[in-house]
């Protein structure tokens with residue numbers, strides 16, 4: 001979806017203009033990833049609660065091969081609550097299309113409440 005960043009920016013701007021603010025905020029990064037087998041990629045993630053309130057983040061992880069277009073997506077909701085300033089790590093596995101796990105070279109993560 002080529003227009004997703006523009007749409008996200010527009011929604012974010014409209015929420016700011018409406019006086020809305022998020023009670024929850026998370027910083028997330030991919031620590032590493034490796035193929036488990038031809039169709040599965042294991043991904044390690046670090047999540048930090050950067051907001052003012054305790055919360056339970058839900059993270060969207062996406063992987064893609066920029067050479068072949070093989071890709072995969074998975075959602076992970078953490079168990080338990082992260083306090084403000086607290087970080088945690090987790091690992092998960094995702095299915096990659098066309099058994100292209102070994103070709104994935106770009107993995108992203110974003111987390112929300």
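Going by how many other Cβ atoms sit within 10 Å of their own, how do 82, 41, 60 line up, fewest first? The partial results should precede the final answer.
Working: 82 22, 41 25, 60 14.
With the fewest neighbours first, 82, 41, 60 line up as 60, 82, 41.
Can you order the peptides 29-36, 97-104 by their average number of other Cβ atoms within 10 Å per residue, highest first? Intermediate results must be reported in sequence, preceding the final value.
Values: 29-36: 13.9, 97-104: 18.4.
Result, highest mean Cβ count within 10 Å first: 97-104, 29-36.
Going by C-beta contacts inside 10 Å, put 106, 89 in order with the fewest on the left. The partial results should precede the final answer.
Working: 106 12, 89 9.
Fewest-to-most Cβ neighbours within 10 Å comes out as 89, 106.
How far apart, in nanometres, would the label points at residue 79 and residue 99 be if each is projected 7 angstrom from Cα along the Cα-to-Cβ direction?
Result for the modelled spin labels: 3.3 nm.
Want the number for residue 40 to residue 58: 0.36 nm per residue separation, take away the alpha-carbon distance, what's left?
On the way: separation 18, 0.36 × 18 = 6.48 nm, distance 2.07 nm.
That pair, residue 40 and residue 58, stretches by 4.4 nm at full extension.
In percent, what relative contact order does the stretch 23-112 have, based on Cα pairs under 8 Å that are 6 or more apart in sequence? All intermediate terms of the calculation are to be shown ahead of the outcome.
Numbers: 243 pairs, mean separation 36.1, N = 90.
For the stretch 23-112, the relative contact order is 40 percent.
No lab work stands behind these numbers, since they all come straight from the coordinates. Quick caveat, the model's predicted, so the values are computed rather than measured. A quick note on method: Cβ atoms are made from the backbone with ideal geometry, for glycine too, and the neighbour counts reach across all protein chains shown.
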